[in-house]
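Worksheet: the structure to be examined is printed underneath.
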Amino acid sequence: MAGKTITRAQLSEAVYQEVGLSRNESADLLEAVLHQMSGALAQGDTVKISSFGSFSVRQKGQRVGRNPKTGEEVPILPRKVLVFRPSQVLKARINRAG
């Protein structure tokens with residue numbers, strides 16, 4: 001399973017098989033959940049999913065970086081970055097699987 005990527009279609013199919021909604025309803029449900037999560041994050045809220053982890057947006061300040069090819073100093077502008085912190089339950093599950 002290492003190196004695999006799970007797609008929206010695969011997640012939607014998993015919802016279809018587990019919950020028993022139609023394929024279209026499963027896809028709509030998945031899209032609604034992702035839309036709510038991305039909307040909350042865009043507003044600066046934290047999204048916590050019990051036994052999975054939390055997503056938050058962090059502001060990074062301006063700093064000076066360096067072009068590795070030329071060695072020239074380049075300013076890196078302030079920006080927001082998405083941060084994911086896994087729960088202890090998820091960490092334990094990952095460590096058991098590996």
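Could you tell me the distance between the Cα centroids of segment 73-96 and segment 1-63, to the nearest Å?
If you average the Cα positions of each part, the centres end up 16 Å apart.
Counting pairs on different chains as well as pairs 8 or more places apart, how many Lys pairs in the chain have Cα atoms under 22 Å apart?
The result is 5.
Kirkwood hydrodynamic radius, segment 11-74, all distinct C-alpha pairs: what's the number in Å?
It works out to 15.1 Å.
Quick one: what are the phi-derived ³J(HN,Hα) couplings along segment 72-87, Karplus 6.51/-1.76/1.60 with θ = phi - 60°, whole Hz, x for glycine and proline?
5, 6, 9, x, 9, 6, x, 7, 9, 10, 8, 10, 10, 10, x, 6
With +1 on the Cβ of every Lys and Arg and -1 on the Cβ of every Asp and Glu, and nothing else charged, how large is the dipole of the chain about its Cα centre, in debye rounded to the nearest 20?
With Lys and Arg at +1 and Asp and Glu at -1, about 640 debye.
Calculated from DSSP H runs of 4 or more alone, at -39500 (n - 2.57) each and per residue, what is the 222 nm mean residue ellipticity of the chain, nearest 500?
-14000 deg cm²/dmol
Dipole of the chain (Lys/Arg Cβ +1, Asp/Glu Cβ -1, origin at the Cα centre): which of L30, V83, Q17 lies farthest to the positive side?
V83
All of the numbers you see were taken from the coordinates with simple rules; none came from a lab. Bear in mind the structure is a predicted one, so any value in this text is a computation, not a measurement. Glycine also receives a Cβ, built like all others from the backbone with ideal geometry; neighbour counts cover every protein chain displayed.
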